[in-house]
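Before any comments, here is the structure.
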Amino acid sequence: MTGPSPVTPGIALARLTEALGSDSKRKGPPPVERWNPAYCGEIDMRIAADGTWHYMGSPINRPALVKLFSTVLRKDPERYVLVTPVERVGITVEDAPFLAVEMAVEGEGESRQIAFRTNVDDLVQVGPDHPLRFEQDANGGIKPYVKVRGELWALVTRSLALDLVAMGEEKNIDGVDTFGVMAGGAFFPIAPMSELGIA
């Protein structure tokens, strides 16, 4: 008896790329991790918890400008910065810098693939390079995040979070019954079953 047929690697990510069209074929973000210019102080720019970028108290309503800024965003140990080869400026990020706004799922269990599109059109496929992490919000609910690049994460929107958690399953991890999500050949724990009141 054979198990579920394996899904061709990258198919979930390819579906999102196709949905984005030619814009997704642009070259990747600049190598901000390699740039180390002098720190020039803070600027009045903020990424709100809902993913909206603000400059001097007003929302930035030009998506192309937000996408451009997002490509030069980096998380340094002490702060989020916009960085170019010649300067580095600090900005405020209320939660995560990005939102995961679209999800594609292929397969199930060990062969499940999950890919996300962010609000600035980054495409990421969940796996060792783009893990999921789960935190509790102030009301005890679950907030999932997916790593986009460097130390930049995207908060999964509430509607997608519900779909993501619905894929959860129980596994015994180091002797602890744990609820989590399988994707990209890895298990991403949400919480011990005992904490969820299920055990």
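Tabulate in residue order the Karplus-calculated ³J(HN,Hα) for region 168-184, using 6.51 cos²θ - 1.76 cosθ + 1.60 with θ = phi - 60°, rounded to whole Hz; enter x for Gly and Pro.
My calculation for region 168-184 gives x, 8, 9, 9, 8, 10, 6, x, 10, 5, 10, 9, x, 10, 8, 6, x Hz in order.
Could you sort Tyr145, Tyr80, Tyr39, Tyr55 by their accessible area in this structure, using a 1.4 Å probe and putting the largest first?
Per-residue accessible area, sorted high to low, gives Tyr55, Tyr39, Tyr80, Tyr145.
Counting only Cα atoms, I'd like the Rg/Rh figure for region 56-199, Kirkwood definition for Rh.
Numbers: Rg = 16.9 Å, Rh = 16.6 Å.
Expressed as Rg/Rh, it is 1.02.
Would you mind pulling out the separation of the Cα centroids of region 154-177 and region 77-101, in Å?
So the two Cα centres are separated by 27 Å.
Need one number: nm distance between label points at Arg79 and Thr92, each 7 Å from Cα along Cα→Cβ, rounded to one decimal.
Computed distance between label sites Arg79 and Thr92 equals 1.2 nm.
Full extension from Leu65 to Glu195: what is 0.36 nm times the residue separation minus their Cα-Cα distance, to one decimal in nm?
Numbers: separation 130, 0.36 × 130 = 46.80 nm, distance 4.28 nm.
Extending this stretch completely gives an extra 42.5 nm.
The values are calculated or read from the model by the stated rules, or taken from the named source; none is laboratory data. This structure is a prediction, so every number in the text was calculated from the model and none was measured. Cβ: placed from backbone, ideal geometry, glycine included. Neighbour counts: every protein chain shown. Side chains are part of the model used for accessible areas, which takes the heavy atoms of the whole protein and leaves out ligands, DNA and RNA. Shrake-Rupley method; radii C 1.70, N 1.55, O 1.52, S 1.80 Å.
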